[in-house]
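Student: Quick one: the structure is below, and I'll ask about it shortly.
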Amino acid sequence: MSATQPPRCPCGSEQRYIDCCGRFLENGETPETAEILMRSRYSAYTLEREQYLLMTWHSSTRPSSLELKRSPSQHWLGLTVKRHLQSDIDNATVEFVARYKINGKAYRLHEISRFVRENKTWHYLDGDILEA
Ligand SMILES: [Zn+2]
């Protein structure tokens, strides 16, 4: 890491990582909204932070592990958040497009994710993948 050019956040916010998703991944802060949680989870995927992903997954749908290291050829390229809809105080959806490459071929994941808030903490519940 260079002292003059701190790394930008992988989520594409154009902020410094430590001012953006790094607040949650490195400093243990709690994301204020479902969209902020969603961005931090994208950053966690790019950084292979499996523990963070599991911790922010709702207990009813959480897998036992993600085995992120099993797919080393997947490279994340960027995130676009299209819509954040908070339907009530404890429920929200976030529509996003995440782009990635596997073995030089580009893909896009277009998903509407559902989030629920429990004990004042947002969790990822599940999502619907939209066809291209
Ligand atoms: Zn970020």
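Read-outs throughout are calculated quantities, based only on the coordinates presented, and are distinct from any laboratory measurement. From a predicted model like this one, the values you see are computed outputs, not experimental measurements. Positions of Cβ are generated from backbone atoms using ideal geometry, with glycine treated the same way; all protein chains shown enter the neighbour counts.
Student: Placing +1 at every Lys and Arg Cβ and -1 at every Asp and Glu Cβ, with all other atoms neutral, what dipole size does the range 17-129 have around its Cα centre, in debye to the nearest 20?
Tutor: Numbers: 16 positive and 15 negative charges, 102 e Å.
It comes to approximately 480 debye.
Student: Follow-up. Any idea how far the Cα center of the range 103-120 sits from the one of the range 1-73, in Å?
Tutor: Between the Cα centre of the range 103-120 and that of the range 1-73, the gap is 12 Å.
Student: Can I ask one more? Once you keep just the Cα pairs under 8 angstrom separated by 6 or more residues, what percentage relative contact order results for the range 54-100? Present the calculation step by step, with values, prior to reporting the outcome.
Tutor: Values: 44 pairs, mean separation 14.8, N = 47.
With pairs under 8 Å counted, the relative contact order is 31 percent.
Student: Give, in whole angstrom and from largest to smallest, the semi-axes √(5λ) of the equivalent ellipsoid of the chain, with λ running over the eigenvalues of the Cα gyration tensor.
Tutor: Details: eigenvalues 95, 72, 46 Å².
The equivalent ellipsoid of the chain has semi-axes of 22, 19, 15 Å.
Student: Based solely on its DSSP helices, what 222 nm [θ] is calculated for the chain when runs of n ≥ 4 H residues each add -39,500 (n - 2.57) and the sum is averaged over all residues, nearest 500 deg cm²/dmol?
Tutor: On the way: 3 runs with 23 residues, N = 132.
After summing the helix terms and dividing by the residues of the chain, the value is -4500 deg cm²/dmol.
Student: Take the chain, connect every pair of alpha-carbon atoms lying under 10 Å apart with a spring to form a Gaussian network, then pick out the residue of Ala106, Ala92, Ala44 with the largest mean-square fluctuation.
Tutor: Comparing Ala106, Ala92, Ala44 in a Gaussian network model of the chain, the most mobile one is Ala106.
Student: Could I ask something else about it? Relative contact order of the chain: what whole-number percent is it, with Cα pairs under 8 angstrom and at least 6 residues apart? Walk me through the intermediate numbers first.
Tutor: Details: 228 pairs, mean separation 25.5, N = 132.
Computed value for the chain: 19 percent relative contact order.
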